[in-house]
Each structure stands twice: as C-alpha cells, then as structure tokens.
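Please find one structure pasted underneath; my questions will follow.
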Amino acid sequence: MPKMTIDGIEIEVPAGITVLQACEMAGKEIPRFCYHERLSVAGNCRMCLVEQEKAPKPIASCAMPVAEGMVIKTDSPVVKKARQGVMEFLLINHPLDCPICDQGGECDLQDQAMAYGYHSSRYREEKRAVPDKEFGPIVKTIMTRCIQCTRCIRFATEVAGVEILGATGRGEHMEVTTYVEKTINSELSGNLVDICPVGALTSKPYAFIARPWELRKTQSIDVMDAVGSAIRIDSRGREVLRILPRVNDDVNEEWLADKSRYAVDGLRRQRLDRPYLRVDGKLTPATWPAALEAIANRVTGLPGNRMAAIAGDFADAESMFALKGLMTELGSPNLDCRQDGAALDPNARASWLFNSTIAGIEKGDAILIVGSNPRWEAPVLNARIRKRYLKGGLKIGVIGPKLDLTYPYQHLGQTADVLGQVASGAHAFADVLKNAKSPMLILGQGALRGPEGAAMLGTARKLADTCNLVREDWNGFSVLQTAAARVGGMEIGFVPQPNGRNVAGILEGTAKGEIDFVYLLGADEIDMTRLGKAFVVYQGHHGDAGAHRADVVLPGVAYTEKSGIYMNTEGRAQIAEPAIEPLGEAKEDWAILRALSEKLGHTLPYDTLEQLRRALFKAAPNLQQLGAIVPAKWETFGRTGAVTARAFHLPIANYYMTDPISRASETMARCTDAFVAPMTGTGTHG
Amino acid sequence: MSGGDNKDVLQPANFAFTPENRAEADRIIAKYPTDRQASAVLPLLYLAQRQVGWVPRAAMDHVAEILDMAPIRVYEVATFYTMFHLEPVGKYHLQVCRTTPCWLRGADQMTETCKKKLGIGLKEVTKDGLFSLIEVECLGACANAPVVQINDDFYEDLDPKRLEWILDELAAGRVPPFGSQSGRKGAEPAGGPTTLKEIARPTGAPAE
C-alpha cells in the first residue's frame with residue numbers, strides 16, 4: 001500500500017492503481033477523454049496531466065502507476081497551464097458547432113472546455129474536415145468532431161469483440177474508421193455512443209430529438225432480456241425518448257444491449273390503448289365495463305379445469321401473482337409461465353437460475369455452453385464471458401450450433417447427445433471441467449425446450465455431479481433465461497398446479513376442445529392457431545399475435561409505464577419504475593386483474609399495489625430481497641434418461657425481433673435488414 | 001501515399017504471395033516468438049509491395065490472414081507508414097526531397113523539371129506507367145542536396161539538366177549510376193579532399 005501526497009493530502013492507496021485513480025480516491029477530479037475505467041489505457045489525449053514532484057514535466061496520470069512517496073499536484077499553475085494547452089490543441093480541429101450537435105449538454109469536451117479551457121480561441125487558420133463513416137442503423141457519425149481518443153476502437157476490440165474499428169493514417173490525417181466500409185456488427189454497438197466523449201458518434205434513432213435538460217430521468221430495470229440490466233429511461237411528456245444504461249457492477253457493469261436501448265420506438269407503435277371485443281369476427285373498440293362483462297359471461301359456470309392461463313415474457317411478478325390468485329379462486333390448475341415449453345423444474349429453484357451469478361463468470365475458469373447463443377440471448381452477459389476470456393486461462397466448450405461468440409471456443413458437437421457423453425465422463429471436456437477450479441455449465445433454453453427438455457435437464461444435473469460443478473462456495477450450474485418474466489413466474493409458482501396442464505397441455509386441450517377459456521397475460525410466442533375455439537382474453541400492451549387471436553383485449557401497460565418486480569436470470573429481484581403515464585385507457589396490469597376478479601365474484605384480497613406486494617412477499621419471500629440474490633438450494637431435478645442426437649433449436653432466430661416491442665420497432669427492423677438479413681438471406685422475416 | 005481508402009483506385013480482387021515470397025514470409029515469421037507473429041506485419045507488407053509494386057487491399061487481407069490478425073489492424077499499419085504505396089506507382093517512383101537543405105539547393109527546380117519532362121503533377125503516374133512523382137521530407141542526404149530518390153537509389157548533387165538526362169536514360173531502359181552526379185565521391189568536399197590528401201584516392205569521373 002504505497003503512501004502518497006495529493007495536493008497536500010496524505011493518502012494510502014492500493015498498489016498497482018494509476019495516479020488518476022489515486023487522485024479520484026483523494027477526491028480530486030481529473031479531466032480525461034481517452035481514459036475509461038473499463039477499457040485499456042491509451043494515454044493519448046493528454047488531458048489528465050498532473051504535476052509530479054521531481055518529474056521534469058507534467059505526467060499523464062491515467063498511464064502512471066502509483067509509487068511510494070509520490071507527491072502529486074493537481075491544482076498547481078503548471079497543471080492549469082498544461083490543461084489549457086491540451087484543450088486548446090484539441091479545439092483546433094474540433095468544430096465549434098455545439099448548438100447543432102446532438103452531444104450538446106452532455107458532452108465531455110464541452111464541459112471540460114468550460115472548466116479547464118481558455119475563454120476564447122486564438123486559432124484563425126483552417127480546420128480539418130473528415131468524411132463521415134457508415135456504421136449502420138444505430139451509430140451516427142460526424143467524424144470531423146472526433147478528437148481521436150480511440151475509446152470506440154478499444155471498446156469494439158475489447159468489450160464488443162468485433163475487431164473492425166481502427167485508426168488509419170497518421171498525425172493530422174488520422175481517422176477512426178472501418179477502412180473498408182463495414183457496419184458495426186455488434187449487439188453492443190449502442191455503447192459506442194455512450195463512451196464517445198464528443199459528438200462524433202451519436203445515436204441515429206435519437207438524432208435531433210431532444211436536449212438532455214428537457215428529459216425526465218427515471219431509474220428502472222430492462223426487460224428485453226433476462227439479464228435485468230440497470231437502465232435510465234429518459235422521457236419527455238408522454239413519450240419515452242431513449243434508454244441509457246446505469247452502472248450495476250453485478251449485472252451489466254455500464255453496458256447495455258442494443259435491443260434494450262433502441263427498441264423504445266416500438267413502445268410508440270402498435271399499442272393497445274383501449275379495450276376491444278370481438279364482434280362478428282372483428283375486434284371492435286369497447287368500454288372497460290363491457291369488456292369485463294364479456295369475460296364474466298363466458299367464465300361464469302365454467303369448471304376450472306376447462307380454463308387456463310399463460311403468462312408472457314414481459315409479465316411482472318405482481319400481475320402473475322394476481323392472475324395466479326384469480327385462477328386458483330376459479331378452481332383452475334392450468335397455469336404456465338413457460339411459453340417456450342422449457343423444462344424448468346418448478347420444485348427445484350437451482351434448475352432455473354444462473355447460479356454462478358453474472359459477476360461469478362469472472363471467477364470461472366472452464367465454461368461449457370450448451371444450446372445457447374449468449375451473444376444474442378444476453379449480449380451483456382456474453383461481454384462478461386469475453387472479459388473473462390481476455391484475462392486468460394479460460395477454457396470454453398460449446399455444444400450447439402457453431403457461431404461467432406466473440407471469443408474462441410472448442411466446438412464439442414452440434415447435437416444433444418454430446419452433453420450425455422460429457423456427463424458420463426466419456427468426453428475429454430469432462431476432465432477439463434473436473435480439473436477446473438470454478439467450472440461452469442451455461443445451459444440455454446435451446447437445450448431445455450422440446451420433448452427431451454426434461455431429460456436434458458437431468459443429463460445436465462448428472463454432469464454437475466460427475467464434473468463437480470457444485471463445490472463449497474461455488475455453484476457453476478447456470479441456466480441462461482431469455483425472458484425477463486420467467487424467473488419471477490417460476491418463483492411465484494406460475495406453473496401447472498396438481499392435475500394441471502402445462503403450455504403444451506393447454507394448447508392440446510384447446511385444440512381438442514377440452515379447454516374453453518384461455519387468459520393470455522402478454523403471451524405472444526405460442527402457436528395461436530392451436531387455440532382452437534377457445535375464448536381468448538389477451539391482456540397486454542401491443543397488438544401482436546395474442547391480440548390478433550383474442551376475443552377480448554384488455555389494454556395493459558409496458559414496463560416503462562408501471563412499477564413491477566422482475567427477477568433476472570440470476571434470481572436477483574429488481575424493481576422497474578414507471579417513466580410515463582399509461583397510454584389512453586390502458587391500466588396497470590395488476591389493477592386490471594383486481595377489477596376482473598371483482599366482476600367475477602372472486603375479489604382478490606388487495607386494493608393497492610402495496611397490499612398486493614405484501615401478499616406476494618409472503619408467498620414468495622425471495623422477491624422481497626430487492627437487488628440481492630438468495631442462493632438456490634442444490635437439489636435433484638430433471639428426468640433421468642438418455643438424450644438423442646438431436647440438433648438444438650436456439651430460442652432466438654433474429655436478435656432484433658424477439659417480442660412485441662422489438663417487432664414494432666422501426667430501428668430494430670432496420671437493424672434486422674443491416675445485420676441479420678445478410679447472414680440468413682431471408683429478409684426481415686427471420 | 002498514406003491517408004486511407006481512396007475509392008478511385010482499382011483494387012485487385014485477389015492477392016497471394018509467390019512461392020518464393022511465401023517461403024520468405026515464413027522465414028520472417030519464424031523470427032518472432034509463437035503468438036507474436038503479428039510483429040511480422042511490417043516486413044510482410046513490404047514483401048507484398050515488392051511483389052506487386054504497391055499494397056492493394058487484398059494484400060493487406062492476405063497478410064492479416066497469414067498473421068492471424070484482424071484486417072483493420074493491418075490497415076492501420078499500412079496507412080501509417082508513408083513508404084507503403086496504397087495506390088499503384090510508376091515503374092520508377094521519383095521522390096523529390098523538399099526539406100530545407102535540398103530546398104535551398106534547388107529542390108523546387110527538381111520538382112518542376114520532373115513535372116515538365118513527364119507531364120504529370122505530384123502524386124500522379126505517367127500514362128505509360130513508367131514514372132510517378134511525389135515530394136517527400138528529408139531523405140537524410142543533406143550534404144549532397146538536392147536529392148531525388150528513384151526506387152531504392154539516391155541520385156545526388158542534381159541539377160535540372162542532369163535530372164532530365166537521368167529521366168531520359170530511364171525511359172530508354174537504361175539505369176544510370178546512382179550517387180553523386182557532380183563527380184565527387186560520397187559526401188566529400190565539392191572541390192576535392194581537404195585533409196588526408198595523401199591517402200585519398202582520385203575521384204571517379206561522372207558517367208556522362
């Protein structure tokens with residue numbers, strides 16, 4: 001622990017950190033452009049110069065390791081002059097076009113020029129101009145504004161794992177480019193906009209929409225995948241204008257996936273803003289009382305086993321709890337939250353959680369990925385695997401389709417039976433896992449869906465035993481969920497009750513006419529044609545597959561409009577907060593179910609969200625631990641039995657269109673055309 | 001000729017090292033430790049330039065593939081160094097030094113002579129593909145200013161007449177001897193040796 005003096009303050013700092021970090025620990029602000037905590041050190045912008053006693057000239061604090069007895073000055077005349085000089089040089093070629101720049105108001109260069117620069121420019125000569133680049137539908141470039149900090153190059157290379165950005169030319173002719181025009185084919189490209197300290201890389205969908213000081217900022221949780229990234233929703237009036245990441249080191253660090261960021265324009269289109277009733281085969285606008293009345297007429301007198309409810313991927317825990325309560329009151333055991341039919345074992349919590357935790361990936365030293373494409377299913381989590389890979393000493397094996405995951409891996413095979421070979425110890429990768437200190441199995445939904453799902457889960461469970469995945473202080477058995485609602489639904493037991501049917505059973509029932517009433521709580525990813533003649537109620541926020549099939553449509557709200565608890569794939573309960581008011585006549589989802597229950601004569605025992613949550617926490621105490629993870633007990637689960645040599649069907653065919661919100665988004669459609677269509681060659685219908 | 005992606009340049013679709021150059025490339029790569037083969041990027045790009053006279057994008061991609069690097073990392077290197085030609089150059093690539101000593105000794109005239117004689121401007125190639133012309137900064141032969149580098153050789157102590165003669169010779173398919181064109185040896189004093197006269201050998205006459 002070296003001792004040093006910073007501006008007269010004596011401070012003891014950990015060895016190996018940089019002078020810049022030490023200055024921050026001492027409470028001194030150091031201006032910087034190229035330095036970024038989560039990227040490698042470049043040391044080329046020179047803005048972080050400080051004075052070190054006995055050094056002949058100012059030092060770049062971001063690149064200087066601390067040493068015993070250092071005396072640093074951050075507020076001396078030398079430092080002030082150095083900063084002014086650096087700032088003057090940076091501004092020589094930077095256009096002074098802040099009034100028409102999208103970064104204005106949240107620009108590092110603008111702020112630091114105000115704080116550390118000269119009051120006016122002495123430069124009268126010509127400025128350089130740089131041609132703009134085409135980076136795809138998400139990142140807009142105005143390269144003349146680039147100050148060549150190279151953050152974007154380092155982000156693309158290190159975090160995103162797509163090594164296509166670089167600096168060509170030299171000196172004044174240096175340009176950040178892909179050289180050969182290439183779009184940034186990464187699910188994390190939106191982060192380039194965040195890390196760019198100037199207005200060179202800005203958000204294309206958000207171009208010229210708003211100034212930061214006009215926005216209302218709401219801290220919330222992302223639901224576009226099961227990672228549960230911390231987000232900030234920026235809204236103005238009744239519109240969500242953009243979504244940015246917040247820092248949560250346990251989950252998303254400070255990154256956010258493109259779908260989570262840019263599907264927001266989908267929140268403005270295809271919305272259900274009033275109830276609808278199917279009259280003569282056509283959905284016609286109706287009033288709330290009429291819609292509830294129609295449901296009551298159909299449900300009254302219907303035996304419970306002829307009713308069913310399916311919860312979708314965006315459902316919050318509260319509304320699922322309310323729906324479960326209502327169905328139980330109506331005497332129906334037919335509940336399921338696993339739209340995709342994944343064989344998660346309701347009785348064993350460890351069978352549906354990412355037990356190693358996301359931050360735990362950094363401890364892992366051998367990872368076996370089965371039936372999953374983490375790059376599409378959880379881009380931020382995949383970045384964590386890449387981060388771990390870059391540290392070195394990580395062995396990765398993949399069973400499933402051969403894909404570019406942004407890190408090298410050993411491809412063990414395409415088919416499910418290879419997992420059986422590893423589980424029995426016959427495959428060489430079993431020894432890799434056995435000999436690792438913290439081995440991990442990442443089990444995707446692609447492995448757990450389909451008729452052999454339970455056997456796959458059982459085989460994976462067996463592998464956990466043979467390869468010693470679960471040890472003291474370590475549980476490497478990690479199920480990667482794709483839906484934000486899934487873990488919450490499992491947690492409150494939104495699964496078939498005794499003698500109840502699961503999703504496959506419900507669809508079989510409706511197809512055969514054994515089920516007459518189906519309640520879809522935002523469930524759009526099931527085969528609607530199999531609902532047969534059943535009376536379908538769709539409660540949700542988008543006019544997607546479910547609403548098109550429904551007999552009654554009840555307009556719920558999207559995650560940006562309600563307070564709701566979501567549990568991420570790790571089992572971390574987090575609360576999403578409303579940024580804007582519900583649209584039109586739409587109501588919060590739990591309140592709709594509460595109103596319906598009263599109409600049906602089975603009034604649910606809560607009148608406010610607080611009362612509901614109290615009941616919810618009593619039934620599922622893990623949901624109460626907001627922000628924390630309650631580790632799952634290690635139990636037996638899954639079915640024993642051989643798995644055949646079948647290929648996996650990964651849950652996501654097109655990253656940019658997986659749910660009602662992203663399917664309604666124009667930006668996501670443009671991304672599909674730019675990134676997915678060239679891969680599959682099937683256009684936007686992937 | 002750095003500066004990046006000139007879209008007007010016709011890029012060949014493919015590039016591969018000749019068997020001899022491939023063997024040479026392997027020999028160069030073997031100099032570096034395993035997993036550090038990217039260090040060979042400069043010599044390999046130079047080898048590619050030797051083979052086709054310039055570095056087309058396909059050559060950079062080929063080098064990237066051989067060295068297991070991302071192509072952009074090779075582009076960065078190739079565009080950084082001005083000695084890599086990213087566009088085709090003439091069979092004789094004329095580099096007129098224009099830094100102060102040469103400039104004081106008539107570099108401007110050298111450039112003018114080339115332009116007039118060849119009918120091309122700076123950064124241009126003659127129609128027959130024989131000559132290309134650029135101005136460069138200090139070639140490091142200031143004692144023999146003015147200097148023009150033609151391919152790998154320095155032609156020193158030039159005057160317009162001598163330069164025209166050299167260009168004529170090159171056009172006729174003959175390569176005049178390089179070095180000082182004024183008759184002195186190396187960078188010795190213009191009027192002959194002033195010291196060590198007894199051991200200094202007489203200077204060879206100019207080739208004219």
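The values are calculated or read from the model by the stated rules, or taken from the named source; none is laboratory data. Since the structure is predicted, the reported quantities are computational estimates derived from the model, not experimental observations. Glycine gets a Cβ as well: all are built from the backbone with ideal geometry, and neighbour counts include every protein chain shown.
In the range A:182-189, is there at least one residue being over 28 Å from residue A:30 (Cβ atoms) and free of Cβ contacts under 8 Å to residues at least 24 places away in the same chain? Step through it out loud before you land on a result.
Our first condition is that a residue be over 28 Å from residue A:30 (Cβ atoms); within the range A:182-189, this holds for A:182-187, A:189.
Okay, now just the ones that are also free of Cβ contacts under 8 Å to residues at least 24 places away in the same chain, so A:182.
Scanning the range A:182-189 turns up at least one residue that is over 28 Å from residue A:30 (Cβ atoms) and free of Cβ contacts under 8 Å to residues at least 24 places away in the same chain.
Let me ask something additional. Can you name every residue in the range B:48-103 that is within 14 Å of chain A (Cβ to nearest Cβ), surrounded by fewer than 21 Cβ atoms within 10 Å (Cβ to Cβ), in contact (Cβ under 8 Å) with a residue 24 or more places away in the chain and touching an Asp or Glu at 6+ places or on another chain (Cβ under 8 Å)?
B:73
So residue A:258 ticks every box in (1) among the charged types (D, E, K, R); (2) in contact with a Phe, Trp or Tyr (Cβ under 9 Å, 6 or more places away or on another chain); (3) modelled with pLDDT under 95 but one. Which box is left unticked?
Looking at each condition in turn, residue A:258 falls short on (3).
Give the number of residues within the range A:516-541 that are farther than 20 Å from residue A:588 by Cα and either part of a loop (DSSP other than H, G, I, E, B) or not β-branched (Val, Ile, Thr) (or both).
12
Do you know which residues across the range B:139-176 are touching a residue at least 24 places away in the same chain (Cβ under 8 Å), on the phi < 0 side of the Ramachandran plot and under 13 Å from the mean Cα position of the chain (by Cα)?
Listed by number, the residues that qualify are B:139, B:147, B:148, B:149, B:150, B:153, B:154, B:155.
Among residues belonging to the range A:50-85 that are touching a Gly at 6+ places or on another chain (Cβ under 9 Å) and buried (at least 21 other Cβ atoms within 10 Å of the Cβ), point out the one that is farthest from residue A:150 (Cα to Cα).
A:66
While we're on this one: How many of the residues making up the range A:100-130 are hydrophobic (A, V, I, L, M, F, W, C), loosely packed, with under 15 Cβ neighbours inside 10 Å and outside any helix (DSSP H, G or I)? Break it down into steps so the answer makes sense when it comes.
So in the range A:100-130, the residues hydrophobic (A, V, I, L, M, F, W, C) come out as A:100-101, A:107, A:109, A:113-115, A:129-130.
With the extra rule that they be loosely packed, with under 15 Cβ neighbours inside 10 Å, the set shrinks to A:100, A:114-115, A:129.
Filter again for outside any helix (DSSP H, G or I), leaving A:129.
Here the count works out to 1.
So that you can scan it fast, the table gives a plain yes or no per residue for (1) among the aliphatic types (A, V, I, L, M); (2) in contact with a Lys or Arg (Cβ under 9 Å, 6 or more places away or on another chain):
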site	(1), (2)
A:601	no, no
A:610	no, no
A:622	no, yes
A:634	no, no
A:650	yes, no
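Condition first: surrounded by 24 or more Cβ atoms within 10 Å (Cβ to Cβ) and more than 13 Å from chain B (Cβ to nearest Cβ). Now tell me which residues in the range A:175-186 satisfy that.
A:186
Report whether or not residue A:159 is closer than 26 Å to residue A:576 by Cβ, under 19 Å from the mean Cα position of the chain (by Cα) and either more than 14 Å from chain B (Cβ to nearest Cβ) or modelled with pLDDT of 95 or more (or both).
Numbers: closer than 26 Å to residue A:576 by Cβ: yes; under 19 Å from the mean Cα position of the chain (by Cα): yes; either more than 14 Å from chain B (Cβ to nearest Cβ) or modelled with pLDDT of 95 or more (or both): yes.
It is true that residue A:159 is closer than 26 Å to residue A:576 by Cβ, under 19 Å from the mean Cα position of the chain (by Cα) and either more than 14 Å from chain B (Cβ to nearest Cβ) or modelled with pLDDT of 95 or more (or both).
Looking at (1) buried (at least 20 other Cβ atoms within 10 Å of the Cβ); (2) within 14 Å of chain B (Cβ to nearest Cβ), find the lone condition where residue A:260 falls short.
Condition not satisfied by residue A:260: (2).
Can you give me the number of residues within the range B:57-115 that are in contact with a strand residue (DSSP E or B) (Cβ under 9 Å, 6 or more places away or on another chain), closer than 30 Å to residue A:177 by Cα and of a type in the set (Ser, Thr, Tyr)?
The number of residues fulfilling the criteria is 3.
Restricting attention to the range A:287-345, report how many residues are in a helix (DSSP H, G or I) and hydroxyl-bearing (Ser, Thr, Tyr). Before you say what the answer is, go through the steps one by one.
Start the filter on the range A:287-345 by keeping residues that are in a helix (DSSP H, G or I), which leaves A:288-299, A:304-306, A:317-329.
Of the ones still in play, those that are also hydroxyl-bearing (Ser, Thr, Tyr) are A:319, A:328.
Here the count works out to 2.
Ok, one more. Here is a check on your reading of the model: is residue A:613 among the basic types (Lys, Arg), surrounded by 19 or more Cβ atoms within 10 Å (Cβ to Cβ) and at pLDDT 95 or above? Show your work before the answer.
Numbers: among the basic types (Lys, Arg): yes; surrounded by 19 or more Cβ atoms within 10 Å (Cβ to Cβ): yes; at pLDDT 95 or above: yes.
Considered against the rule, which asks whether it is among the basic types (Lys, Arg), surrounded by 19 or more Cβ atoms within 10 Å (Cβ to Cβ) and at pLDDT 95 or above, residue A:613 comes out as yes.
For the range A:137-156, give me the residue count where each residue is surrounded by fewer than 21 Cβ atoms within 10 Å (Cβ to Cβ) and under 23 Å from the mean Cα position of the chain (by Cα).
1
For residues in the range A:583-595 being closer than 8 Å to residue A:555 by Cβ and not basic (Lys, Arg), which is surrounded by the most Cβ atoms within 10 Å (Cβ to Cβ)?
Keep residues of the range A:583-595 that are closer than 8 Å to residue A:555 by Cβ, which gives A:583-587.
Now narrow it down to the ones that are not basic (Lys, Arg): A:583-586.
On the way: A:583: 18, A:584: 11, A:585: 15, A:586: 23.
The residue in question is A:586.
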